[in-house]
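A.B. asks: One structure, as structure tokens, below. Some questions next.
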Amino acid sequence: MIVSPESELPPDTDQALQSRVIPARVYAPPQPPAGTGKKARKSKAAAKLFLTNKEISWLSFNERVLQEASNTGVPLMDRVRFLGIFSNNMDEFFRVRMASLHRLLRAGKRVTTTEGHDLPRAVERAHEMAIDLYRRFDEAHAMIIDELARQKINFVDETALDEHQAKFVEEYFHREVRPNVTPIMIDQIQKWPDLLDDATYLIAGLRKKGAKAKTKYALIRVPSDVLPRFLVLPPRGDQRYVMYIDDVIRFGLEHIFGVFRYHSFDAYAIKVTRDSELDFDNDTSSGYVKRITRSLKNRKKGRFVRLLYDAEMPSALLQRVIKKLGLGRDGLIMSGGRHHNLRDLMDFPDLRLSNDRYESLPPLFHKDIDRHKRLIETIRKRDILVHYPYQTFQYVLDFLREASVDPNVTSIKFTIYRVAHRSSVVNALINAARNGKKVTVILELQARFDEENNLYWGQRLQEEGVHVIHGVEGLKFHAKLCLVTRTEKGLSASYAIIGTGNWNEETVKIYSDHSLFTADSQITKEVDRVFEYCSKPYKTPTFRNLLVAPFTLRKKIMQLIRREIRNAVAGHPAYIFLKLNNLADEELARALYRASDAGVKVKLIVRSMFSLVPGVVGLSENIEARSIVDRYLEHSRIFVFCNGGKPLYYLSSADLMARNLDGRVEVVCPIYDPSLQGELQAFLDLQWADNTKARILDAGLTNQINSTPQGKKTRAQWEIYARLKDQSPRS
């Protein structure tokens, strides 16, 4: 199936291609049937109507991102960044979510989604919603381009350069671009090259003089992986100019092909998106790392799931491209402008406009950490909870660096899921190994889109003598753990960091997460058991404090929900407060429905995929759900259960999805210190009170702001920073 607005294909397009196109429609989410509820729950099939398809809910999340790009109250350059984030998210949606649905379609089995729809219809609806979002993206993009022009920042192409700018572009083309451009004359080859996933290509039309001269075509990859996507040109007075590198290549076509007596040129952009799934062969004798490496190579030839093309491309050329690529019938064909990969707007040049970005909020120091003392001394006295990016990630690096030179430290154990490309964390672990410490790293090679980076760091660590374990066969290792063991007065003592997010000093600047620093032996002993399991996966570990997937997490969460139900029925206080990235597990969703029906008050803050439908009478009227999209990406997971008036607090590496609960190693850590419980509750209360950037999650996927007609405006991320700043030591 190919979904594309009818207007996207020229009227002279081949009829066979036209027959594969269905018109786009504005997506309207289904409404729960009126007057159902308890009666509907008696039928499992009917009850499915009360669960939202997770792909649709994910697209609704990206709509919230697009709202920020369209919001004139957001600084202009941050709106540009949100355009890039939206575009990047949509690329990943097709590479991952839609690709997985198409795989199910090709399997030919009768499959229904969690919302009870046939899979083909679910795919069609997702395509429709995606096309509508792209239409609204184009509107927001045009609005921002106009606003940039009012701020005297102008986009220009190769046709709008003055003499001085043309000379500048020509020099840049020969110096920087031409060495990185390798045209392929597609008329001279039988088989097209394998186009890279999500790269932009130009198909250049080359013509010689004479009415009968046949147009030749060349394929050129835009080298945005080695060069900046945007070129800032010399100004004209107070007017500034920016040019896509794609247009620099268009400008230089005459310099590339003029020697072959071509005299006129045009170029049309295309971009393909491939299925990003790693397919493993059955050759287990070659080792896990080699299998991952082979799978990465094969992914570069993954099945096409989408083709973007320049709307100005002649229909005959478009049909030729489709035929040459062998685009399957389940691929999506979409028209666009002359520039693709607008995710690069996330790295738009800093042109120093006044008030064009959110004010800088430097990371704060923690009120309970004395920078003049060793961190381990502080942790030995009390647990510490650090909130990123509001507070500095430097504490993690300091902890590792102290351990690497501490003569009493005997071992360091660490997990890696995603780290920075220039990772200070990994370098600290290498330094510890060089200092004679026994360093063990559990490194997950299947962290999607970070596989090559992790392969590189795994090799580096092994070269430096670090013991690297590549997880457990059949499970992804997603827990965020660090364990340092040292000798104190002849005895072994351990110190742990347990986090909700990755040990990545780049993403931690924009991701909201938490880390617990603790020397509590009942926690550190069980953290060690998680590491031990990866060394001896044939032994099933036991846990009394940590909730660990795939062993105890699902069962324990269900027990905690059932306890709240019993308390509500007995007339005792009962509530559940969850903050997550995704909540899309059918069993847990139904358990929360039962809790709501019993009178349990359920508050949910969910960033992305969300399968529940709040506010349905007789089913979910006690469930409220919100989602915050602001300058920082909400990434932390916090679970709170009333527990009869003695609340239980947890930090989690896991979302509530089947993949996290059943297919990964995840750790959910209890927070026992009452003062830290208070910190988490204050954090959640501020998020729940947000009436500026929080959207209400409802049955209609309306994404309305949680606004209040009167009273103080609350913006959670600003309020959290301000509160922590007031507590932060000044020196």
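We did not get these values from a lab; they are worked out from the coordinates using the rules stated. Being a predicted model, the structure only gives us computed values, none of them experimental. FYI the Cβ positions are ideal-geometry reconstructions off the backbone, even for glycines, and counts take in every protein chain you see.
A.B. asks: Where the only charges are on Cβ atoms (+1 Lys, Arg; -1 Asp, Glu), what is the dipole of the chain about its Cα centre, to the nearest 20 debye?
C.D. replies: Taking the Cα centre of the chain as origin, the dipole is about 1820 debye.
A.B. asks: Please name whichever of His263, Asn355, Val508 sits farthest to the positive end of the charge dipole of the chain, dipole taken about the Cα centre and charges placed at Cβ: Lys and Arg +1, Asp and Glu -1.
C.D. replies: Looking along the dipole axis, the top candidate is Val508.
A.B. asks: Also, quick follow-up: To test your reading of the geometry: what angle, between 0 and 90 degrees and rounded to tens, separates the Cα axis of helix 394-405 from the longest principal axis of the chain?
C.D. replies: The two axes meet at around 70 degrees.
A.B. asks: Hey, another quick one. When the helix-only estimate is applied to the chain (DSSP H runs of n ≥ 4, each -39,500 (n - 2.57), divided by the residue count), what is the mean residue ellipticity at 222 nm, nearest 500 deg cm²/dmol?
C.D. replies: -11000 deg cm²/dmol
A.B. asks: Less than 12 Å Cβ to Cβ from Glu68, Lys/Arg counted +1 and Asp/Glu -1: what total charge do the surrounding residues give?
C.D. replies: Every neighbour counted, the sum reads +3.
A.B. asks: What FRET efficiency comes out for Met346 versus Lys489 if R0 is 30 angstrom and r is the Cβ-Cβ distance? Round to the nearest 0.05.
C.D. replies: 0.05
A.B. asks: R0 = 41 Å: FRET efficiency of Ser360 with Ala316, Cβ-based, nearest 0.05?
C.D. replies: With R0 = 41 Å, the Cβ-Cβ based efficiency is 0.20.
A.B. asks: What FRET efficiency do you get for Glu163 and Arg448 if R0 is 51 Å and r is their Cβ-Cβ distance, rounded to the nearest 0.05?
C.D. replies: Efficiency computed from Cβ-Cβ geometry: 0.60.
A.B. asks: Please name which of Ile523, Ala496, Ile379 has its Cα lying farthest along the dipole of region 375-535 towards the positive end, using unit charges on Cβ (Lys, Arg +1; Asp, Glu -1) and the Cα centre as origin.
C.D. replies: Going by the charge dipole, the pick is Ile379.
A.B. asks: Around Phe82, with a cut-off of 11 angstrom between Cβ atoms, what is the net charge of the other residues, counting Lys and Arg +1 and Asp and Glu -1?
C.D. replies: +1
A.B. asks: Can you put His467, His127, His421, His635 in order, fewest other beta carbons within 10 Å first? Please report the intermediate quantities before stating the final value.
C.D. replies: On the way: His467 15, His127 23, His421 10, His635 19.
Neighbour counts put them in this order, fewest first: His421, His467, His635, His127.
A.B. asks: Can you list residues from other chains, or at least 5 along the same chain, whose modelled amide H is less than 5 Å from the amide H of Ile333?
C.D. replies: Val3, Leu307
A.B. asks: Shifting gears a bit: Could you put Ser100, Ser492 in order, starting from the residue whose Cβ has the fewest other Cβ atoms within 10 Å?
C.D. replies: Ser492, Ser100
A.B. asks: Ok, one more. Could you give the size of the charge dipole of region 366-460 about its Cα centre, using +1 on the Cβ of each K and R and -1 on the Cβ of each D and E, expressed in debye and rounded to the nearest 20?
C.D. replies: Dipole size: approximately 280 debye.
A.B. asks: Follow-up. Taking the alpha-carbon distance from Lys373 and a cut-off under 24 Å, which lysines remain once sequence neighbours fewer than 8 residues away in the same chain are dropped?
C.D. replies: Once the sequence-local lysines are set aside, what remains near Lys373 is Lys381, Lys413, Lys437, Lys489, Lys725.
A.B. asks: Sort 239-248, 153-162 for me by packing, meaning the mean count of neighbouring Cβ atoms within 10 Å per residue, highest on top.
C.D. replies: My ranking of the peptides, most packed first, is 239-248, 153-162.
A.B. asks: Lys and Arg at +1, Asp and Glu at -1: add these up for the other residues within a Cβ distance under 12 Å of Gln151 and post the number.
C.D. replies: Residues near Gln151 contribute +1 overall.
A.B. asks: Starting at the first residue of region 192-198, write each ³J(HN,Hα) from the Karplus equation 6.51 cos²θ - 1.76 cosθ + 1.60 with θ = phi - 60°, in whole Hz, x for Gly and Pro.
C.D. replies: 5, x, 6, 6, 6, 4, 6
A.B. asks: Sorted by mean Cβ packing within 10 Å, highest first, what order do the peptides 175-183, 598-606, 472-480 take?
C.D. replies: 598-606, 472-480, 175-183
A.B. asks: I would also like to ask the following. Explain nothing, just compute: Karplus ³J(HN,Hα) = 6.51 cos²θ - 1.76 cosθ + 1.60, θ = phi - 60°, for every residue of region 225-237 in order, whole Hz, x for Gly and Pro.
C.D. replies: After applying 6.51 cos²θ - 1.76 cosθ + 1.60, I find 7, 10, 10, x, 6, 10, 10, 8, 8, x, x, 10, x Hz.
A.B. asks: Of Ser60, Ile189, Tyr201, which is farthest along the charge dipole of the chain in the positive direction, counting Lys and Arg as +1 and Asp and Glu as -1 at C-beta?
C.D. replies: So the residue we want is Ser60.
A.B. asks: When the C-alpha atoms of the chain are aligned to their principal axes, what extent does each axis show, in angstrom, from largest down?
C.D. replies: 89, 68, 61
A.B. asks: Going by C-beta contacts inside 10 Å, put Cys642, Cys669 in order with the fewest on the left. Intermediate results must be reported in sequence, preceding the final value.
C.D. replies: Details: Cys642 21, Cys669 27.
Neighbour counts put them in this order, fewest first: Cys642, Cys669.
A.B. asks: Continuing with the same structure: Roughly what would the spin-label model give for Glu506 and Arg207, points 7 Å off Cα along C-beta, in nm?
C.D. replies: Label-label distance for Glu506 and Arg207, simple model: 4.4 nm.
A.B. asks: What list of ³J(HN,Hα) couplings, whole Hz, do you get for region 167-179 from phi and the Karplus terms 6.51, -1.76, 1.60, once you set θ to phi - 60° and write x for glycine and proline?
C.D. replies: Result, ordered by residue: 5, 4, 5, 4, 5, 5, 4, 5, 7, 10, 8, 3, x Hz.
A.B. asks: Where the centroid of each part is defined by its Cα atoms, how far is region 178-205 from region 456-501 in Å?
C.D. replies: Distance between centres, Cα-based: 44 Å.
A.B. asks: Just want to confirm a number: the relative contact order over region 547-727, from Cα pairs under 8 angstrom separated by 6+ residues, in percent. Can you show the working numbers first?
C.D. replies: Working: 349 pairs, mean separation 39.8, N = 181.
Reported relative contact order: 22 percent.
A.B. asks: Moving on to the next point. Put a dot 7 Å past each Cα toward the Cβ at Arg374 and Lys555; how far apart are the dots in nm?
C.D. replies: Taking the two extended label points, one gets 4.0 nm.
A.B. asks: Still on this model: Just to be sure I understand the model, the point goes 7 Å from the Cα along the line to the Cβ. What's the resulting Asp685 to Phe155 distance in nm?
C.D. replies: Result for the modelled spin labels: 4.6 nm.
A.B. asks: Something else about it: Can you give me the long-range amide H partners of Val222? Hydrogens built in the peptide plane at 1.01 Å from N, cutoff under 5 Å, separation of 5 or more residues or another chain.
C.D. replies: Thr200, Tyr201, Leu202
A.B. asks: Find the relative contact order for the chain and round it to a whole percent, using C-alpha pairs within less than 8 Å whose residues are 6+ positions apart.
C.D. replies: It comes to 12 percent, rounded to a whole number.
A.B. asks: Taking H as built 1.01 Å from N, whose amide H comes closer than 5 Å to the amide H of Val242, not counting residues under 5 places away?
C.D. replies: HN-HN under 5 Å from Val242: Asn154, Phe155, Val156, Leu233.
A.B. asks: For region 464-566, calculate the relative contact order in percent as a whole number, restricting contacts to Cα pairs under 8 Å that are 6 or more residues apart.
C.D. replies: Answer for region 464-566 is 20 percent.
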